[in-house]
Amino acid sequence: MVALACERGEESDPALMPTPELVEDLGAAGGAMALTSGPGRYERRRRRERERRMLARVPEWFSADDLVPDGPAVIHGEPV
């Protein structure tokens, strides 16, 4: 509590009752959440590479025959 009082610019004696403002600040600090950051560079790179591998994979239902037309279109016996 003495360190918190010093940070606030107040003088504090450990033998005396703390000021209400100091107790309020101490309560707010006790309810504070820990700071968390996002993933680091290494983890972001791993995720990007994993996504690329998933996108590069050919689905099982896909066939090379899907890219080739069935044959030339013929109307009245002549190719179009």
Q: Take A15 and decide whether it is touching a residue at least 24 places away in the same chain (Cβ under 8 Å) and among the aliphatic types (A, V, I, L, M).
A: no
Q: Quick one: P18 ticks every box in (1) in a loop (DSSP other than H, G, I, E, B); (2) modelled with pLDDT of 80 or more; (3) surrounded by 10 or more Cβ atoms within 10 Å (Cβ to Cβ) except a single one, so which number is it?
A: (2)
Q) Does at least one position in the stretch 50-70 carry a residue that is closer than 30 Å to C6 by Cα and not in a strand (DSSP E or B)? A) no
Q) What is the one condition in (1) modelled with pLDDT of 85 or more; (2) surrounded by 10 or more Cβ atoms within 10 Å (Cβ to Cβ) that L26 does not satisfy? A) (1)
Q: Please give the number of the condition E10 fails out of (1) out of contact with any Asp or Glu (no Cβ under 9 Å at 6 or more places or on another chain); (2) part of a loop (DSSP other than H, G, I, E, B); (3) touching a residue at least 12 places away in the same chain (Cβ under 8 Å).
A: (1)
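The values are calculated or read from the model by the stated rules, or taken from the named source; none is laboratory data. Since the model is a prediction, treat every value here as computed from it, not as a measurement. Every residue, glycine as well, gets a Cβ built from its backbone with ideal geometry; the counts of neighbours run over all protein chains shown.
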